[in-house]
1. Can you work out ³J(HN,Hα) from phi for every residue in segment 146-160, in order, using Karplus 6.51 cos²θ - 1.76 cosθ + 1.60 and θ = phi - 60°, giving whole Hz and x for Gly and Pro?
2. Which whole-percent values make up P(r) of segment 533-604 when all C-alpha to C-alpha distances are grouped in 5 Å steps starting at zero?
3. Looking at the chain, identify the longest residue range that excludes and avoids all GluC sites (Glu not before Pro) in DSSP loops having at most 15 other Cβ atoms within 10 Å.
4. Over 18 Å between C-alpha atoms is what I'm after, so list which of Lys557/Lys591; Lys347/Lys564; Lys38/Lys347; Lys557/Lys605; Lys557/Lys718; Lys554/Lys591 land there.
5. Distance between Cα centroids, segment 660-698 to segment 349-423: provide it in whole Å.
6. Taking R0 as 41 Å, what's the FRET efficiency between Asn660 and Phe546 from their Cβ-Cβ distance, rounded to 0.05?
7. What do you get for the angle between helix 255-274 and the principal long axis of the chain? Use alpha-carbon atoms, 0 to 90 degrees, nearest ten.
8. Which loop-located chymotrypsin sites (Phe, Trp or Tyr not before Pro) does segment 636-694 contain, where loop means any DSSP state but H, G, I, E or B and the Cβ has at most 15 other Cβ atoms within 10 Å?
Amino acid sequence: MLCLPKHIITPLAGGLIAMMALLGACDKRPAPGHVLEKNAEFTVSTDSVVQGEWLAWAGDDGKWHCNVTAASLDSVHATTDSIRFTQGTRWQPTGTHVAFPRYDSPQPLLNALFFMSTDAVAAHHSAAGITVTTDTIGALHAVDLSLALVEPHRCMDLLRACVDSEGTVRSTSGHWPIFTHRSLWVQAAWEVYLSTGDKNWLKWAHGVATKTLLQDQELIHQSTGLLQGANASSHGHWLYPAWMLPIDQYATMSLANNIYFARAMDIVNEMGNELGLTRDDVPGSAVNRHVDAINQLLWDENRGYYSAMLYGTVYKVQAPVADNLAQALAVMWNIASDDRAATLIEKTPIVHQGVGDYYPTPKNQEPCFMTTHWPITQAYWNLASAAVSNEFALRSGWAALIRAQAFFASSHIRPMSAPDNDLEMGAASLAMTLRAMAGIRLTTDGIEFAPSVPSCFGGRKTLSGLPYRDAVLNISIDGTGNEVASMTVDGKAVEGSFLPATITGEHEVVITLTQGHTATNHITLARANTCLPTIPQAVWTPDSGFIENFDAAKAYKMLINGVKSYSVSDSAFRLPPTGDFAEISLISANKFGYSHCTPPRLLIKGERHTVDVNDPQVCTIDSMNRVLHLRVNVKRGGAYLLDVTYKTTGLCDLRGVMVNSHPVGWLVLPAMHMPSAFQTSNVIEVELLRGDNSIDITAARELPASGESRLGIVRIYKNNQKYRL
């Protein structure tokens, strides 16, 4: 006889016969579970997950039961898109991992998923540490979320493998500075130190972090104060419009990279304090200025959450997309103020199946199949929801993660084109037990416990065998809520909910919870088929333009110097007067918002200078062939823009620019699709004096660029307006 949880028999009665052949029998009927989330799509309770005829549950027979298959997913997606799925062996418990903590609770589903997660992490073990089969960015987030707590020494091996022979963190894509997410490594290394207290590790990690950040800070844009460069986890997905070339991606300023960088600067300060270094020994004194720039330029007041990036050639605009992993980190790492933190969790649109990596996305696809990073995004979103005391968002997100792991990760179901993300899913699920259920927050002085346990997870939950520095902890959580009513260590009451880092040996920690303050219980559900409007296909003439894919049902706007200045109501239009210089582009709009803009076009009508670097009358090169000297005479002093044409071999070349002996920025010269043709570099802003000015363009031998360039023309043109967003 087929034995199902009683509370799901009635809704499944119509499909019960068909399911009997799929599920097999259990030896004892589980008791009805309390419900974590019930919505229009599915129900997650403490012993099962149900969606229509799909069912997953942990049986008292010690087996995992699930009837979801790749074929059943294929039939669901056949009418909506061309995605097809593949499936591996269904997970079953095989024994205990002595090296991992153990978890036990009255909720059989959570017990099974914790065990499944440790299996997933153990499957990535090798003699060299943790084997990364997807990408290092996801692994670094996994270390920060949970792996540094459960196996810090394997994490050390992984983090060492990310460092090059020069003692700096290598770019996982190998395309620094086009991709500049390296500072994420610093957070992972810091979490490993907090878990182990290993001062030798800290000293080494501090050196790597300092050297890496000193390189990265060279890429800070002068006018905005933000770090330039693309976020590799977003490359080729939904964040960057298809027209962007590597130079356009470098010119972006992503929320994720700037949050990584601000957090890394803060951590380097903390590392220095732990090592007893003076403030002069520690870079990162500009943390507050960097955080202010993030909040001033990337926060979208109209939508109530952050834009994923700024982009454009000279005048930057906010992208119409939200990067939800970066948003969650802004909350977790105190980049977002209290008001912003609560607002973005409440107002960022999500769906029942969870928060998407990005919003909106190009097509209506379930979030957990969007990218391999989704479990990481969902886990951070859940923890950020707990941090702002939004229990509804926490329950909704936790249920979404449970559903994805129970239905899909348990059978290794994924889109055929997608790589394995079992490590990320395992680490994300473990984080919900370690960081939410047990509320573990590591500090330099010890562990702060701040659990957030939904009311359906009642009874005693026990996490035993957790390694922490020179101690082993057995942590029990009694009751539910988000406020610690009392805490005992080895049966003795302690004040507060803090465990000092000096503790040694094995200890029993018991935490009793009560329901404390709940700030808000609101979330925003996305409307069906939400997607970005199509980018206009613009054809430009000197004084007019034409939209090839014009749609009268859409609204169109012209951006001039980053401002939505004019409405465009016809496919053909004339350009308004723009002065000596302007950057123009077009966007379209539908009920969901604006599209990405068209490739920006520069209108240069004012003072302009072009210098051929091969003309010995205006350019000289030093004997080491490293510095190009040129002199430029301008009629008016003030703000000018400078770029160069070039040919590059290798990945990317860097050239520093000095004007009248003052460094003003870097020319970034990536290899392009047409290596035989001259390309145009990024644009940098320079201040020139009336009359003669000296400009030096210097090869950056000390930075990790690997290309060699031949420069063509240096262009200098007047910019008569100051930057504004």
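1. 8, 5, 5, 7, 9, 8, x, 6, 5, 5, 4, 4, 4, 5, 4
2. Here the calculated profile for segment 533-604 is 3, 17, 33, 28, 13, 5, 1, 0.
3. Between the exposed loop sites, the longest stretch runs 302-494.
4. Among Lys557/Lys591; Lys347/Lys564; Lys38/Lys347; Lys557/Lys605; Lys557/Lys718; Lys554/Lys591, the Cα-Cα distance tops 18 Å for Lys347/Lys564; Lys38/Lys347; Lys557/Lys605; Lys557/Lys718.
5. Cα centroid of segment 660-698 versus Cα centroid of segment 349-423: 43 Å apart.
6. 0.45
7. Relative to the chain, helix 255-274 is tipped by roughly 80 degrees.
8. In loop regions of segment 636-694 (DSSP not H, G, I, E or B), the sparsely surrounded chymotrypsin sites (Phe, Trp or Tyr not before Pro) are Phe678.
Read-outs: derived from the displayed coordinates by stated rules, not from any lab. The structure presented is a predicted model; accordingly, all values stated were derived computationally and were not measured. We place every Cβ from the backbone using ideal geometry, glycine too, and count neighbours over all the protein chains shown.
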